[in-house]
1. List the pairs whose first member sits in the stretch 52-75 and is acidic (Asp, Glu), whose second member is assigned to a strand (DSSP E or B), and whose Cβ atoms are under 7 Å apart, counting only residues at least 6 apart or on separate chains?
2. Could you check, for the stretch 195-203, whether at least one of its residues is part of a helix (DSSP H, G or I), aliphatic (A, V, I, L, M) and at pLDDT 95 or above?
3. Considering each residue of the stretch 165-189, count those that are more than 16 Å from ALA121 (Cβ to Cβ) and not polar (S, T, N, Q), and give that number.
4. Which condition does ILE97 not pass, out of (1) assigned by TED's automatic domain parsing to the domain that holds ALA39; (2) more than 19 Å from ARG216 (Cα to Cα), if it passes all the others?
5. Would you confirm, using the coordinates I've provided, whether GLY254 is over 14 Å from the mean Cα position of the chain (by Cα), farther than 26 Å from GLU221 by Cβ and free of Cβ contacts under 8 Å to residues at least 12 places away in the same chain?
6. If you check SER129, SER139, which single one turns out to be buried (at least 23 other Cβ atoms within 10 Å of the Cβ), among the polar types (S, T, N, Q) and at pLDDT 95 or above?
7. Can you name every residue in the stretch 120-171 that is closer than 21 Å to THR207 by Cα and assigned to a strand (DSSP E or B)?
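The values are calculated or read from the model by the stated rules, or taken from the named source; none is laboratory data. The structure presented is a predicted model; accordingly, all values stated were derived computationally and were not measured. Cβ atoms come from the backbone with ideal geometry, glycine included; neighbour counts cover every protein chain shown.
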Amino acid sequence: MKILSRKIAMGAVASLIALSGAAMAQDKSFTVGLDGTFAPHAMPSLSGGVEGFNVDLANTIGERLGAEMNIVATQFSGLLPGLAAGTYDFIVAPTTITAERAENVLFSEGYLNTDFQFVVAKGAETVDSLEGFKGKVISVNKGSVYDSWARDKEAEIGWTVESYGTNSDAVQAVVSGRAFANVAGNTVSAWAVKQNPAIELSYLFSTGLVWGMPFRKGDSELRATVEKVIECMKVDGTMAAMSEKWFGVIPAAGSAAITPQPGFGEPGYAGYEMDSHALGCE
């Protein structure tokens, strides 16, 4: 009888431990930051809060880790300083992986390519190279990286660059015929085309760069935990489905959205750790 009572007691303790572990998993939370004005990655929702590709990405990571995601929308300029100060556990805003940034933060592997894409009026002539825009007017968002890039190439290509206060205004210049093409980030251009049937995607200029998630230096364990989820989202089609939902584009073969990298981090940059971990996707 005593043995039976002891077994019952031990079983009860084991159950309490299991329940405690489950409760701890549910109590886990992360505070993550993004730019809430960068459509279609994060933008105000009609129902309140923010929505977009990176909002879905953050929430899916939280769901798969059994963690609550406290998503904070703020200006992009304050995100990396906030990460360094401990305000955020990691950043879920699209952040281009560069050598300079990789010296100061720990990047996940890239999850989207960040390229330059041109938008033209529906039915416009096909352009398959930068040289194909010779003699054309190219509209850009004033002060953006696309503005400076296009102006740097103005003499080389022979196009004329016109700057507008917003990228929406630059796109409207194409619709109205004041410009032949608008150039912006590939995902922003894809979103514009998805919203406006009067325009279509044109030439894609590959930069060779990708977007990753920044973590604090030393948070390699957290990075590995999150990156494993990102890798699974690539191989199980979740990332591709999100791309179609928000950009209206199916990721190309070999692109960052569907291609897991070996090790942790982006190969070729500071903070990269090579290992042979297996995907733990269910």
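1. From residues that are acidic (Asp, Glu), the pairs are GLU68/SER29.
2. Within the stretch 195-203, none of the residues are part of a helix (DSSP H, G or I), aliphatic (A, V, I, L, M) and at pLDDT 95 or above.
3. Here the count works out to 3.
4. Here ILE97 meets the rest and fails (2).
5. yes
6. Criteria check complete, one pass: SER139.
7. VAL120, ILE138, SER139, VAL140, ASN141, VAL161, listed by residue number.
Residue by residue, here is whether (1) closer than 30 Å to ASP89 by Cα; (2) under 16 Å from the mean Cα position of the chain (by Cα); (3) surrounded by fewer than 23 Cβ atoms within 10 Å (Cβ to Cβ) holds:
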site	(1), (2), (3)
ASN182	no, no, no
THR187	yes, yes, no
LYS194	no, no, yes
GLU200	no, no, yes
TYR203	no, no, yes
ALA224	yes, no, yes
VAL229	yes, yes, yes
CYS232	yes, yes, yes
GLY237	yes, yes, yes
